[in-house]
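The values are calculated or read from the model by the stated rules, or taken from the named source; none is laboratory data. Note that the structure is predicted; figures quoted are calculated from it, not measured. Glycine gets a Cβ as well: all are built from the backbone with ideal geometry, and neighbour counts include every protein chain shown.
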Amino acid sequence: MAITKEFKEFAMRGNVVDLAVAVVIGAAFGKIVSSMVDDIITPAILTPALKAAHLTNLSELVIPGTAIKYGNFLSQVISFIIVAIALFIIVKAINMTKKKEEAAPAPEPVPTKEEVLLTEIRDILAKQQ
């Protein structure tokens, strides 16, 4: 029973749960990016080039006489660039919010009642001399 308790403590740590959530969200984001590249960007950008090459699909781009499908490679490169740009924008936005938080000046510390009384006593003594 001790091993199950230890495993539960390990699995429920904040870092493990955060990592699990990040992996799931990353996988979903990867599907979104793949769909955007395969269904929107690739047809919009490469349709004229594919028509000129008398092809209908990017995966049909191959080096003649070989099994090298450089069309699939181009699709993956485009996908990588989109992911990199999206992550750059996200990280830049996060950094901007952090800079705003750091740039805010710290408020002046409010003097305690004791400090206020000591200041008043000091001022009274200074007037008497």
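Does region 87-105 contain at least one residue that is in contact with a helix residue (DSSP H, G or I) (Cβ under 6 Å, 6 or more places away or on another chain) and part of a helix (DSSP H, G or I)? Full working, then the answer.
Step one: list which residues in region 87-105 are in contact with a helix residue (DSSP H, G or I) (Cβ under 6 Å, 6 or more places away or on another chain), which gives none.
No: region 87-105 contains no residue that is in contact with a helix residue (DSSP H, G or I) (Cβ under 6 Å, 6 or more places away or on another chain) and part of a helix (DSSP H, G or I).
When you look at ALA49, is it surrounded by 10 or more Cβ atoms within 10 Å (Cβ to Cβ), at negative phi, free of Cβ contacts under 8 Å to residues at least 12 places away in the same chain and within 18 Å of the chain's Cα centre (by Cα), yes or no?
Working: surrounded by 10 or more Cβ atoms within 10 Å (Cβ to Cβ): yes; at negative phi: yes; free of Cβ contacts under 8 Å to residues at least 12 places away in the same chain: yes; within 18 Å of the chain's Cα centre (by Cα): no.
Against the criterion (surrounded by 10 or more Cβ atoms within 10 Å (Cβ to Cβ), at negative phi, free of Cβ contacts under 8 Å to residues at least 12 places away in the same chain and within 18 Å of the chain's Cα centre (by Cα)), ALA49 does not qualify.
Can you pull out the residues in region 63-78 that are assigned to a loop (DSSP other than H, G, I, E, B) and either farther than 26 Å from LYS31 by Cβ or of a type in the set (Gly, Ala, Ser) (or both)?
Initial filter on region 63-78 (assigned to a loop (DSSP other than H, G, I, E, B)): 63-69.
Result: ILE63, PRO64, GLY65, THR66, ALA67, ILE68.
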Looking for whichever is surrounded by 10 or more Cβ atoms within 10 Å (Cβ to Cβ), β-branched (Val, Ile, Thr), modelled with pLDDT under 80 and out of contact with any Leu (no Cβ under 8 Å at 6 or more places or on another chain) here; the options are VAL21, VAL33, VAL77. Which one fits? VAL33
Considering only region 58-88, how many residues are of a type in the set (Phe, Trp, Tyr) and within 20 Å of PRO48 (Cβ to Cβ)? 2
